[in-house]
């Protein structure tokens, strides 16, 4: 459990590429946030699918997580394309994510 | 123009000292009429040496051409070989004379082999004679060709009229058709060939020669046949003779048609793109041209040049360079760390200082140019204001209700000229145009503008935009312009891609590069209007 700079409680998850990361994201500052199923009018990057048995599931990522940071780069205000680019950099074999969930915020 | 520039050089030399101390006001120009560059505040303490590489300044002093950088005298105890001597090679003002200095039609003073090849067999001595000779031959041949059918028809009537069969209706019909065809031939020839040639080309015009040869061959054949078969045998079939004459007219009309195609129509379809670069100032333009010989292409390019290229003003090129090739002052080396064997440091320091000064000089050119542009803009703005104010003073007679002096346009021009004279003079001086405009010319131009009710801006256009070269030829009223064509292939050959040739007139050199326009291959792509449907995807999901 850690805190991001703006004080939101989050979890640090490291996902090792094998060969991909094994999840799908949606959202972004250029997308339509009113259709966000997890948190309406939230323009952040959300995890919509997690491949079962994939590296993301192993790392502990869940559907509905909001990704706050990727390898130290903030994605709360990023476009969809930019977030994808940060996540799929070929040079890096693992990504360190800071994600938040409603359960964490509620304090469970 | 030459004499003007010699006077300028003398003046600039004498008043150099005065100019050194007159530079408080950055805005003022010299009182001397011609000024090659503003001596600004910075140059007050420096000696200005005009490095104009002109041949006309042969009488100028060449004193500041050699500079010696020496170590200061107190180190004389050191060895002699540590003195660094830098010599600027003396600017030989005559070095320009050895290069191609061809003016006008002189074709003997050049050392270029290319020029000699391009000249061809005909020398410039017999040049005009050969041009008129060709024209004469062409004229005579055409005249004979025109009269031949008539002669064919008339000769039997004269020589053996009693033996001839009488001319019935079909024969007379042929007379009518022959006369109309001759009339059409006459009109066509007049329209096409009776034009003043725009240019005199150095080599013979191949197509015209072909046409003339064709006409000659036709005539010879027809006359031979006529004399052998008809005249010697005294053929009495007049209808046949008239038919024969009509066939000659037809042949001539067809030759005229071939002439139209070869001389006028063939080069209309563009095949090459020509790039024309003017040498002293680097102005360039692109033109499209069809299949032409080099000399005809050159003549065509010259026409476009006189219309498209702005007037070449040699004074404008020299404006920012007054400070470039300047002083190379003596460097004095002071050692503040105490005496010692430091000649290496000395030389290094001097080299560094001179390199730094060289860089500063390059920047100066940039700042000079910026400064010049700003000055021109400022003068121009003032001129426009002055002109507009001056034009408001003039009112047409019927519009003016008061009882003022009645004047004709010239007098009106003379009366408002003084109010804009100063601003105009300053602007002309800064753009180096004042040799072209005398006071009479300006007043004449002003009178024309006033009498046609033009505005101040229309009046100023003649000064603000000097225009293409044709304005210059119009001003000096020259009827004939001499140009030299320099080419490594024979100039009556057709243009080929990647060739180059040059047109020269004095200082101005036009280099022409030939480029072939590519062949375009187009494919049709059907526009699928049925499949032109779109969806809006605002939620994109990407898997990583």
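Throughout, read-outs are computed from the coordinates displayed, never taken from laboratory work. As the structure is a prediction and not an experimental result, all values here were calculated from the model. We place every Cβ from the backbone using ideal geometry, glycine too, and count neighbours over all the protein chains shown.
What does the structure give for A:46-53 when I average, per residue, the other chain Cβ atoms found within 10 Å of the residue Cβ? Provide the component values of the computation, followed by the final result.
Details: counts 1, 1, 4, 2, 0, 1, 0, 0.
Going residue by residue through A:46-53 and averaging, the value is 1.
Mind checking A:31-39 for the average number of partner chain beta-carbons within 10 Å of each residue's beta-carbon?
Working: counts 5, 5, 2, 2, 2, 1, 1, 0, 0.
Mean inter-chain Cβ contacts per residue within 10 Å come to 2.
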**Message:** How compact is the stretch A:16-108 by the rule of thumb for globular proteins, expressed as Cα Rg over 2.2 N^0.38 Å?
**Reply:** 1.03
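Let me know the mean shielding of A:20-26 by other chains, meaning the per-residue number of their Cβ atoms within 10 Å of its Cβ. Walk me through the intermediate numbers first.
On the way: counts 2, 2, 2, 2, 4, 5, 4.
Averaged over the peptide's residues, the number is 3.
Beyond 16 Å, how much of the Cα-Cα pair distribution for the stretch B:469-544 remains, as a whole percent? Mind showing how you got there, number by number?
Working: 2155 of 2850 pairs.
Cα-Cα pairs in the stretch B:469-544 separated by more than 16 Å: 76 percent.
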**Request:** Rank by packing, highest mean first: peptides B:475-483, B:521-529, with packing defined as the count of other Cβ atoms within 10 Å averaged across residues.
**Result:** B:475-483, B:521-529
**Message:** Compute for the stretch B:422-492: radius of gyration divided by Kirkwood radius, i.e. Rg/Rh, restricted to C-alpha atoms, rounded to two decimals.
**Reply:** 1.16
**Request:** Largest first and to the nearest Å, give the Cα extent of the stretch B:153-246 along each principal axis.
**Result:** 54, 27, 17
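For B:296, A:101, B:307, what ranking results if the residue with the fewest other Cβ atoms within 10 Å of its Cβ goes first? Can you show the working numbers first?
Details: B:296 23, A:101 19, B:307 11.
Taking fewest neighbouring Cβ atoms as first place, the list is B:307, A:101, B:296.
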**Peptides ranked, highest mean first, by Cβ atoms within 10 Å: ranges A:51-58, A:37-44** = A:51-58, A:37-44
**Request:** Pull out the extension gain between residue B:348 and residue B:224, defined as 0.36 nm times the separation in residues minus the alpha carbon to alpha carbon distance; nm, one decimal.
**Result:** 35.2 nm
**Request:** Just rank A:65, B:498, A:30, fewest to most, by other beta-carbon atoms within 10 angstrom.
**Result:** B:498, A:30, A:65
**Fill in**
Mean Cβ-within-10 Å packing, highest first, puts peptides B:278-287, A:17-26 in the order A:17-26, B:278-287
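What is the fewest-to-most order of B:165, B:146 by other Cβ atoms lying within 10 Å of their Cβ?
Taking fewest neighbouring Cβ atoms as first place, the list is B:165, B:146.
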**Label-reachable residues, the stretch B:187-216, where backbone N falls under 20 Å from a point 7 Å from residue B:135's Cα toward its Cβ** = B:189-213
